[in-house]
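Take this structure, written in structure tokens, and hold onto it; I'll ask about it next.
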Amino acid sequence: MGGETDARSNPAATDDFEVYLAWSDMTLRVRSDQTLLSVLLEAGVAISPGCLTGGCGECATAYVEGDVIHKDSCLSAVDRERFLCPCVSRAKSRIVVAA
């Protein structure tokens, strides 16, 4: 509950998507079998992973554009307009991250 989404009821939750890192002018691909967090960490973005389940908000990352599928249970509706938890969140389209 609390923001969890079953991939069977939301096909976009399992689709690949792109993330554009505005600070480095780099576009990365997030495959369906990867988390956004793992891709960002591999690219050298300084993020503290926290709980890895979307419950703590430790990894909350600002985004400036995109259609995010929020799957966390810690961010408020207002926070979700500007932040996502890359450990569990996905995107329906390309997102722009201001890391």
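The values are calculated or read from the model by the stated rules, or taken from the named source; none is laboratory data. This structure is a prediction, so every number in the text was calculated from the model and none was measured. Reconstructed Cβ throughout: ideal geometry from the backbone, glycine too, with neighbour counts over all protein chains shown.
Only one of these is at pLDDT 95 or above and in contact with a strand residue (DSSP E or B) (Cβ under 8 Å, 6 or more places away or on another chain): 74, 85, 51, 56. Name it. Please lay out each step first, then the result.
Details: 74 fails: in contact with a strand residue (DSSP E or B) (Cβ under 8 Å, 6 or more places away or on another chain); 51 fails: in contact with a strand residue (DSSP E or B) (Cβ under 8 Å, 6 or more places away or on another chain); 56 fails: in contact with a strand residue (DSSP E or B) (Cβ under 8 Å, 6 or more places away or on another chain).
Exactly one of 74, 85, 51, 56 is at pLDDT 95 or above and in contact with a strand residue (DSSP E or B) (Cβ under 8 Å, 6 or more places away or on another chain), namely 85.
So for the range 2-17 (the condition being more than 12 Å from residue 89 (Cβ to Cβ), modelled with pLDDT of 95 or more and in contact with a Ser or Thr (Cβ under 7 Å, 6 or more places away or on another chain)), does at least one residue qualify?
Yes, some residue in the range 2-17 is more than 12 Å from residue 89 (Cβ to Cβ), modelled with pLDDT of 95 or more and in contact with a Ser or Thr (Cβ under 7 Å, 6 or more places away or on another chain).
Going by the structure shown, is residue 66 surrounded by 15 or more Cβ atoms within 10 Å (Cβ to Cβ), more than 21 Å from residue 15 (Cα to Cα) and of a type in the set (Gly, Ala, Ser)?
No.
Pairs, please: C-beta under 7 Å, at least 6 apart or cross-chain, first residue in contact (Cβ under 8 Å) with a residue 40 or more places away in the chain and surrounded by 12 or more Cβ atoms within 10 Å (Cβ to Cβ) and in the range 24-37, second among the β-branched types (Val, Ile, Thr) and part of a strand (DSSP E or B)?
Filtered contacts from the range 24-37: 30/19; 36/19; 36/30.
Output the residues belonging to the range 40-62 that are more than 12 Å from residue 89 (Cα to Cα) and under 10 Å from the mean Cα position of the chain (by Cα).
If the condition is that a residue be more than 12 Å from residue 89 (Cα to Cα) and under 10 Å from the mean Cα position of the chain (by Cα), then 40, 62 are the ones that fit.
When residues of the range 33-48 are filtered for being modelled with pLDDT under 95 and either polar (S, T, N, Q) or closer than 16 Å to residue 68 by Cα (or both), how many remain?
Matching residues across the range 33-48 total 1.
Being assigned to a strand (DSSP E or B) and of a type in the set (Gly, Ala, Ser) is true for just one of 99, 62. Which residue is that?
62
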